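Chemist: Supplied in structure tokens, the structure appears directly below.
The values are calculated or read from the model by the stated rules, or taken from the named source; none is laboratory data. These numbers were taken from a predicted model, which means no experiment stands behind them. Ideal geometry is used to build each Cβ from the backbone, glycine not excepted, and the neighbour counts take in all protein chains shown. When the accessible area is computed, the model is the full protein with side chains, heavy atoms only, and any ligands, DNA or RNA have been set aside. Shrake-Rupley method; radii C 1.70, N 1.55, O 1.52, S 1.80 Å.
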Amino acid sequence: MKIALINYSFTPLMSAISTRLNESGHQFITATATGNGCNSPHNVVDLKIGNRIDRAVHNALGWLSDTHGMHSTRVTASLLDRIIALNPDVVHLAGLNNSFINIPFMAYVLMRCKMPVALSVTEGTIPGTGRKSLIKRDRFRRKTIESTFGAWDLLHLVCDSKHTAERAAEEGLDGHPTYIISTDDTAKAVEQYITLYDNIK
């Protein structure tokens with residue numbers, strides 16, 4: 001089994017998942033915007049997603065026009081090239097709420113490549129929510145999120161609680177298989193994620 005783990009930063013959960021994958025002999029790759037902040041297995045291939053300037057430009061454009069998650073096209077294309085080369089069984093987007101990736105572009109490419117995707121969200125990390133902007137464009141942002149996620153086949157939503165799942169549905173992320181995996185117990189969550197990967201690949 002080959003897994004691509006993607007997030008803004010290398011979280012303890014990502015570290016635990018990569019350790020478990022390593023112990024099981026699975027092939028995987030991790031990609032983060034801020035680099036490896038946790039101890040990970042020695043054979044982890046960490047990909048750096050963009051740099052500070054890319055994120056600063058993304059944040060500035062997103063703040064001006066209420067378009068967080070809709071920039072960084074070059075950075076996203078570079079990441080997708082690496083993912084396609086790995087040809088993973090599952091792409092796990094462990095977080096998409098930060099300004100480091102172009103969500104509609106990533107969704108389009110992963111759909112075209114027919115790659116199963118697990119998207120992890122918490123109440124505070126639902127794509128398209130919780131970001132400040134100079135010019136509020138609620139209808140545009142909502143329509144973009146709904147059309148992006150509505151068309152995203154092979155997407156599996158992983159929420160940390162039933163309440164988060166309900167909030168995600170309200171924000172346009174409904175219509176996909178949804179799983180509840182609490183992160184209160186990291187070891188248990190890791191086993192549930194490994195089982196999920198195996199079931200959706």
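Chemist: Along the charge dipole of segment 18-170, Cβ charges K/R +1 and D/E -1, which of V57, T76, F149 sits furthest on the positive end?
Modeler: So the residue we want is V57.
Chemist: Taking H placed 1.01 Å from N in the peptide plane, check which residues at least 5 places from A31 or on another chain put their amide H under 5 Å from its amide H.
Modeler: Answer set, sorted by chain and number: L5, I6, N7, L47.
Chemist: Quick one: order Y197, Y179 from most to least accessible surface, probe 1.4 Å.
Modeler: Output order, biggest surface exposure first: Y179, Y197.
Chemist: Hey, got the dipole for segment 1-110? About the Cα centre, +1 on K and R Cβ, -1 on D and E Cβ, debye to the nearest 20?
Modeler: About 140 debye.
Chemist: For segment 142-201, give the percent of accessible area contributed by carbon and sulfur heavy atoms, probe 1.4 Å, rounded to a whole number.
Modeler: Carbon and sulfur: 48 percent of the exposed surface of segment 142-201.
Chemist: If you project the alpha carbons of segment 64-171 onto their three principal axes, what span does each projection cover, largest first, in Å?
Modeler: 38, 33, 20
Chemist: Hey, got the dipole for segment 147-201? About the Cα centre, +1 on K and R Cβ, -1 on D and E Cβ, debye to the nearest 20? Provide the component values of the computation, followed by the final result.
Modeler: On the way: 4 positive and 10 negative charges, 21 e Å.
Taking the Cα centre of segment 147-201 as origin, the dipole is about 100 debye.
Chemist: For the chain, with a Gaussian network of springs between Cα atoms less than 10 Å apart, report the residue from P12, P104, P127 with the top mean-square fluctuation.
Modeler: Checking each option, the largest mean-square fluctuation is seen for P12.
Chemist: Along the charge dipole of the chain, Cβ charges K/R +1 and D/E -1, which of C113, M14, V190 sits furthest on the positive end?
Modeler: Checked the options; the winner is C113.
Chemist: List the lysines whose alpha-carbon lies under 27 Å from that of K2, not counting same-chain residues fewer than 8 positions away?
Modeler: Within reach: K48, K114, K188, K201.
Chemist: Next question, about the same structure. Can you tell me what the convex hull of the Cα atoms of segment 112-201 projects to on average, as an area in nm²? The partial results should precede the final answer.
Modeler: Working: hull surface 26.3 nm².
If I average the Cα hull's projected area over directions, I get 6.6 nm².
Chemist: Here's something else I'd like to know. So how far apart, in nm, are the two label points at S147 and R74 if each is 7 Å from Cα heading toward Cβ?
Modeler: 2.6 nm
Chemist: Separation of segment 63-79 and segment 159-198 by C-alpha centroid, Å?
Modeler: Using only Cα atoms, the two centres lie 25 Å from each other.
Chemist: Tell me, in nm to one decimal, what length is gained between T19 and E123 on full extension, where the rule is 0.36 nm per residue of separation less the Cα-Cα distance? Intermediate results must be reported in sequence, preceding the final value.
Modeler: On the way: separation 104, 0.36 × 104 = 37.44 nm, distance 2.63 nm.
This chain segment gains 34.8 nm when fully extended.
Chemist: Also, I was wondering about something else. So how do 92-100, 17-25 stack up, highest first, on mean other-Cβ count within 10 Å?
Modeler: Packing proxy ranking, top to bottom: 92-100, 17-25.
Chemist: So for segment 91-174, taking the charge dipole from beta-carbon charges (+1 Lys/Arg, -1 Asp/Glu), which of P104, L173, I126 sits furthest toward the positive end?
Modeler: P104
Chemist: If the only charges are +1 at each Lys and Arg Cβ and -1 at each Asp and Glu Cβ, what is the size of the charge dipole of the chain around the Cα centre, to the nearest 20 debye? Mind showing how you got there, number by number?
Modeler: Numbers: 21 positive and 19 negative charges, 156 e Å.
With Lys and Arg at +1 and Asp and Glu at -1, about 760 debye.
Chemist: Moving on. Rg and Dmax of the chain, Cα atoms, in Å?
Modeler: Rg, Dmax (Cα atoms, Å): 15.9, 49.
Chemist: Moving on to the next point. Protein chains only, probe 1.4 Å: how do F149, F140 rank by accessible area, largest first? Provide the component values of the computation, followed by the final result.
Modeler: Values: F149 0, F140 80 Å².
Highest to lowest solvent-accessible surface, that is F140, F149.
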